[in-house]
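Below is one structure; the comments refer to it alone.
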Amino acid sequence: MDEQLLPDLLRLRGSVVAASDEFFAAKENLIKPNAPVFVPERYGAKGQVYDGWETRRQRGPGGTLPDREARDRVIVRLGVPGVVRSIVVDTAFFTGNYPQACSADACLVAGYPLLPELAADAAGAGTKPGDCRRP
């Protein structure tokens with residue numbers, strides 16, 4: 001399958017609904033359409049300016065993955081419904097400060113719910129058929 005031929009479901013009016021941490025960089029950087037750029041001399045109110053979503057990444061004992069509840073997370077709303085066939089995680093310019101791993105969960109939610117409604121749905125995910133589940 002050639003991912004280049006697939007529609008970008010996020011770029012079609014998608015958005016970043018929430019993120020667990022935005023200490024160094026805004027969550028909206030996750031869906032910027034342009035390739036990332038690094039300018040060494042560029043600083044903002046939070047320090048070095050990055051094009052990506054950078055958090056105060058947590059690590060477990062001995063550099064292992066942290067407990068599931070301590071991991072960074074983000075909720076992204078696709079612009080249109082569809083089947084997710086590929087996810088690109090670009091860690092350009094995060095040399096030595098990139099995540100050890102990532103995972104994705106997906107669900108289909110009717111309508112256009114607000115964040116509190118999505119959070120309530122996620123709390124009970126997997127309890128009945130049709131709930132949010134790992135694809």
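No lab work stands behind these numbers, since they all come straight from the coordinates. These figures come from a predicted structure and were not determined experimentally. Note: ideal-geometry Cβ built from the backbone for every residue, glycine included; neighbour counts use all protein chains shown.
Spin-label pair residue 23-residue 102: with each label point 7 Å from Cα along the Cα-Cβ axis, the two points sit 1.9 nm from one another.
Once Lys and Arg get +1 and Asp and Glu get -1 on their Cβ, which of 103, 24, 84 lies farthest toward the positive end of the dipole of segment 1-107? Positive-most Cα among the choices belongs to 24. Taking amide H positions as placed 1.01 Å from N in the peptide plane, with prolines and chain starts having none, which residues 5 or more places from residue 58, or on another chain, fall under 5 Å of its amide H? Residues meeting the amide H criterion: 72.
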